[in-house]
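Here's the structure we're looking at; comments come further down.
The values are calculated or read from the model by the stated rules, or taken from the named source; none is laboratory data. Here the structure is a predicted model, which means the values were calculated and not measured. Don't worry about glycine lacking a Cβ; one is built from the backbone with ideal geometry, like all the others, and counts go over all protein chains shown. Heavy atoms of the whole protein, side chains included, go into the accessibility calculation; ligands, DNA and RNA do not. Shrake-Rupley method; radii C 1.70, N 1.55, O 1.52, S 1.80 Å.
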Amino acid sequence: MSKWLTGLNFEQGEAVNHNHGPLLILAGAGSGKTTVLVSRTGRLIDEKVAYAGQICVLTFTNKAARELKHRVQDKVGPLAKGLWAGTFHSFGLQLLRKNYQYLGLSPHFGVLDQSDSQSIIKELVKEVKNATKEKFDADKLLNLINILRAGKKIPPGYLDEYHELAEVLMPKYEKRLILLGVTDFEGLLLEPIKLFKKYPDVLQKTQSQFTQIMVDEFQDTNSEQMKLIEYLSSEHQNLTVVGDDDQSIYGWRGAQIQNILNFPHDHKNCKVVKLEKNYRSVTSILDLGNEVISKNQKRHGKVLQSTKEAVSNEKPEVFVLENEDEEADFVLREIQNLKSQNYKFSDIAILYRSNTQGAFIESSLRRAHIPYEISGGTSIFERKEAKDCLAYVKQSLLPDEVSLRRIINMPPRGIGETTIESLSAYAQSKKMDLQTACKNWREADVGEKAGETLDQFFQWLWVFPQRILDDTSLGATVSERFQNLMREIGYRDYLSKSANDGVIFDKKWQVVEIVSRILESFLTKREYTIAAIKEFIDAMLLRDDVGDDARKDQVQLMTFHASKGLEFPAVMLVGVEEDLIPHKRLGSDIDEERRLFYVGITRAQKKLVLTYCRQRKKMGVIKPVFASRFLSETSKSLYSFYEMGARPVSGQARDSLVSDFLSKLGNTQKNT
């Protein structure tokens, strides 16, 4: 037997042994898909079916890509060097960096995040006549503009005003991106497609480079990602996709379940392998999950089977509570109950459909001093201070107008709006970028004082990255040097003056400290070079997850969506009610809502608890609520049902409680 098949089941081995042609791996929850991807990649390299540099693995998180590369390198050794694994967006960024000139981009183009894109949309709306008095949702407009950029029709349900405005703004938005020398996240998918369509030689070169394409989490792909996949694999059809149609939960952000449902039909001689052996959950949890998801009609169809030997035949439990306050108290008691059974806090996850549900739970945990973490919250890189820091690093090595405008007078250094407008007008008249115009400030009629300040600023910025690497007078570590450089430029003083009190200032400066530590951690794993800092910039532009993966001993609070890909020994699903799951406002696709519920169930390894209330406050009014249809339509034999919100006390436990009570009562009487 090949070493690559050791420890694998028959179906996993089938997938690993596949060499050429299209392959669909239907990987059920907890079925070991990462092991299959690693083993297949390693075997292709080890048996010389393909060199490492000919393999392209597309993922949805850089963390998943890093894990795959690390595990393949561990098994294959030096032969694994050159393997490409990363997200669709990082693939697009790399392709555009190599071929920027074809698309009118600068070699140092930047990447806008969502908030920067929305800011541009707001500016453009103000410029459009008759639109200034009305308020438009920038996020909704950006979404419509991206639909138009992709050459798709706007779906029904949008107001005519939005539709018309999006059509007016779309060319203006694209023109503004070119003017600023940047692309946006959507552009990292759209521009490569445009590149392949317009320049067949670039496509042919890329197809020749990558002769084996693999895609993880295929059920989450949208139409643009699917086009990119088809371009890459059309010449050789060596396309392996791994996914689970039963876990397709991102339709609201463009994912198309048809991509995975139609894959065998759309790809001639496609081999389909189903991974149905589950290595995560006990049988009783999978029985409930299997029955829930079986109610969906449009699916490939599979039944998960547990490989775990259950210590007990304990079924999932359903508790009915009076209201959300009782539900929060129940969660608290259940955590304490699990702790008494030797579960750690970090073994426990509380999942809910809507973030607003988490507030009651959080309040209850705080009162009881139970440590918790809310996952899927705002990233540190969404904070203004982090964006400012990254703009300094970005502008020093890969300049663009967005970064420059952010830091040119931050902290304030006497470069006012009038000066910036003069420089912008000069740059446009001479068809040059803003940074070049700044260096020619005399020709732009900028005053002597402001001009000299600009010269000093750019001289400081020019040596900024090298000083991060080796200026030991600033400190012994990269983190210390970075922080001291931000002090030197006046940023710490600026934060101090702009904060209302010391606590707010400490929180703001702490963001700078965190960014400096992340930079140091990034460089420590690579080399202390300018090239490595450029890699860091790209990683941050893509919002790469470079933080500490270690989970602290805290209860995990998160939405059903945020839980995908995770697993926990004990899981509580709270608010399993109509109008919450499926959600009244957000749950128009009932099949997707059912898949979301299924994802929640299959996060649990050993213990699963579900709750719903009899009444819940909505918009300030207490209203009766009912169990979710997804629970009601399953057999009651699959779970233990506690209508009074508590487990009945066993005879021995009851005797113990009575004994404790009588003992305490006796002690009280003696003391009186």
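Data table
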item	result
Some residue of the stretch 593-600 being open to solvent by less than 70 Å² (accessible area, probe 1.4 Å), in contact with a Leu (Cβ under 6 Å, 6 or more places away or on another chain) and not polar (S, T, N, Q)	yes
Qualifying residue in the stretch 628-646 (condition: β-branched (Val, Ile, Thr) and outside any strand (DSSP E or B))	yes
Candidates Ile285, Ile260, filtered to the one that is surrounded by 22 or more Cβ atoms within 10 Å (Cβ to Cβ) and either acidic (Asp, Glu) or touching a helix residue (DSSP H, G or I) at 6+ places or on another chain (Cβ under 6 Å) (or both)	Ile260
Hey, Ser223 among the small types (Gly, Ala, Ser) and at pLDDT 95 or above or not	no
Complete set of residues in the stretch 221-257 that are among the acidic types (Asp, Glu), open to solvent by 20 Å² or more (accessible area, probe 1.4 Å) and not in a loop (DSSP other than H, G, I, E, B)	Glu230
Selection from the stretch 562-592 of residues that are open to solvent by 30 Å² or more (accessible area, probe 1.4 Å) and either within 23 Å of Ile348 (Cα to Cα) or assigned to a strand (DSSP E or B) (or both)	Ala562, Lys564, Gly565, Leu566, Glu567, Asp579
Residue ID - surrounded by the most Cβ atoms within 10 Å (Cβ to Cβ), chosen from residues in the stretch 486-502 that are at negative phi and assigned to a loop (DSSP other than H, G, I, E, B)	Ile489
Considering residues of the stretch 25-58 that are touching a strand residue (DSSP E or B) at 6+ places or on another chain (Cβ under 8 Å) and part of a loop (DSSP other than H, G, I, E, B) only, the residue most open to solvent (accessible area, probe 1.4 Å)	Val49
Scan of the stretch 423-472 for residues that are over 17 Å from Met486 (Cβ atoms), within 39 Å of the chain's Cα centre (by Cα), free of Cβ contacts under 8 Å to residues at least 24 places away in the same chain and not in a helix (DSSP H, G or I), ordered by number	Lys431, Met432
Residue that is nearest to Lys387 (Cα to Cα) [pool: residues in the stretch 93-116 that are polar (S, T, N, Q) and part of a helix (DSSP H, G or I)]	Ser115
Candidate set: the stretch 264-282, residues that are closer than 11 Å to Leu24 by Cα and hydrophobic (A, V, I, L, M, F, W, C); chosen: the one surrounded by the fewest Cβ atoms within 10 Å (Cβ to Cβ)	Val272
Candidate set from the stretch 503-545 (those that are over 25 Å from Ala65 (Cβ atoms) and among the hydrophobic types (A, V, I, L, M, F, W, C)); member that is surrounded by the most Cβ atoms within 10 Å (Cβ to Cβ)	Val512
Count of residues meeting criterion [in a helix (DSSP H, G or I), in contact (Cβ under 8 Å) with a residue 40 or more places away in the chain and of a type outside the set (A, V, I, L, M)] in the stretch 318-343	5
Residue list for the stretch 10-24, filter: in contact with a strand residue (DSSP E or B) (Cβ under 8 Å, 6 or more places away or on another chain), open to solvent by less than 30 Å² (accessible area, probe 1.4 Å) and either modelled with pLDDT under 95 or assigned to a helix (DSSP H, G or I) (or both)	Gln12, Ala15
